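See below for the structure under consideration.
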Amino acid sequence: MTTTEYELTIDGGLGPVLRNALGPDLEARTGTYTTLRAESTSDLASLLAALHARGLRIESVFIVEPPAATL
């Protein structure tokens, strides 16, 4: 199964259960927004649908590209 890393900015905060379920590597709060990085084995649409179903307003989503290989 392929894992993809996403950076999400969400309006508001995440509760401890959802934070733990997403397994974010990094979480930063700026004003009323929370930005986190999370890995998911599901496709992006499934991840966004799950967050939306929990009443979260998603402001932005980026796929984090893996670092380029060095020679």
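All of the numbers you see were taken from the coordinates with simple rules; none came from a lab. The shown structure was predicted, so the numbers you read here are calculated from the model rather than taken from an experiment. Cβ placement follows ideal geometry from the backbone for every residue including glycine, while neighbour counts extend to all protein chains displayed.
With θ taken as phi - 60° and the Karplus curve 6.51 cos²θ - 1.76 cosθ + 1.60 applied, the whole-hertz 3J(HN,Hα) list for the range 49-59 is 4, 5, 5, 4, 5, 8, x, 8, 9, 8, 8 Hz, x standing for glycine and proline.
Using 0.36 nm per residue, how much length does the chain from Thr3 to Leu48 gain when fully extended, once their Cα-Cα distance is taken away? Write out the running numbers ahead of the final one.
Values: separation 45, 0.36 × 45 = 16.20 nm, distance 1.54 nm.
Gain in length upon complete extension: 14.7 nm.
Taking amide H positions as modeled 1.01 Å from N, with prolines and chain starts lacking one, no residue 5 or more places away or on another chain lies under 5 Å from Leu14. Put simply, when 11-17, 61-67 are sorted by average Cβ atoms within 10 angstrom per residue, most first, you get 11-17, 61-67. 3J(HN,Hα) couplings calculated from phi for the range 2-11 with the Karplus curve 6.51 cos²θ - 1.76 cosθ + 1.60 (θ = phi - 60°) are, in sequence order, 8, 10, 10, 9, 10, 10, 10, 10, 10, 6 Hz; Gly and Pro show x.
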